[in-house]
Amino acid sequence: PGEVRIKDGETIVINTIKSSDPNSSKKIIVRTLANNPETFLHIKADQDTYFDGIFTKSISVIYNPKGNYTFTFASVAASETVGTLDIQGGTFKFANEASFANAESIIVRDSAVMDFTDSQSANPVSENNILNIRKGAKLKIPEGKELRVGKLLYKGVYLSPATYTSASCDWIEGGGSIVVTKNADAGVKTWANDNGGVWSASSNWSPNGVP
């Protein structure tokens, strides 16, 4: 297998990382040797990408393509990383058994798409995750697929534990569903202004008030 090692606390910026052939048995392991959540792999994709590999330890992954490209995360094994997945544009597509079930948080920003159409994993995301859906972002969940997350923010506001589908949520596409299982912690406040703003302004936080 190929291996990309990132030093603890380091940020690596690349144009793409991929297996050479979607039918290849080649695996790529992206790892750091320590558990520092400030260790980042920043993928500024300049093409569609097929990645059959895993992310280990505490690697945080930022996907910020230079155009409307798709990153197909097609691993046959779950990634163990407890870092963050931050999808800033394009489409991040789960396929095979690929999973970010241990990640601390998953962020889907602006016009980005997180797509589970080809996911075969029972838990591509999980109750370990805080899922943060920003304005304009989409989740594609196919018929028969149920995702479960611990907590879910939509446009900076925590949603109540419940089952959400495309029937009531314009940020969901497809016939599947997402189940939120936990209430937000008492006293937790989140940044609610996607356009920036003053940290000391109460209106920029949800619930209203500076933490």
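A few notes on this one:
- Using θ = phi - 60° in the Karplus curve 6.51 cos²θ - 1.76 cosθ + 1.60, the 3J(HN,Hα) couplings for the range 108-118 round to 10, 9, 6, 9, 6, 10, 10, 10, 10, 4, 9 Hz; x is entered for Gly and Pro.
- Length added when fully stretched, S166-T11, from 0.36 nm per residue minus Cα-Cα: 52.2 nm
- For S58, distant residues with modelled amide H under 5 Å away: T32, N36, V82
- Taking every protein chain into account, the 1.4 Å probe leaves K44 with about 70 Å² of accessible area, to the nearest ten.
- In this rough spin-label picture, where each label sits 7 Å from Cα along the Cβ direction, the K135-S111 distance is 1.5 nm.
- Summed over the residues of the range 140-180 and divided among them, the accessible surface reaches 45 Å² per residue at a probe radius of 1.4 Å.
- Whole-Hz couplings from phi, Karplus 6.51/-1.76/1.60, listed for the range 140-149; x for Gly and Pro: 9, 10, x, 3, x, 9, 10, 9, 10, 10
- Proximity of backbone amide H atoms, modeled 1.01 Å from N, is registered between N132 and I106, I107, V108, L153 at under 5 Å, excluding neighbours fewer than 5 places apart on the same chain.
- Exceeding the 19 Å Cα-Cα cut-off - candidates K66/K145; K93/K145; K93/K140; K57/K138; K44/K93: K66/K145; K57/K138
- Accessible carbon and sulfur surface of the range 41-149 relative to its total accessible area, %, 1.4 Å: 41 percent
The values are calculated or read from the model by the stated rules, or taken from the named source; none is laboratory data. What you see is a predicted model, and the numbers here were worked out from it, not measured in a lab. In this analysis, Cβ positions are derived from the backbone assuming ideal geometry, glycine residues included, and neighbour counts consider all displayed protein chains. All accessible areas refer to the heavy atoms of the entire protein, side chains included, with ligands and DNA or RNA removed. Shrake-Rupley method; radii C 1.70, N 1.55, O 1.52, S 1.80 Å.
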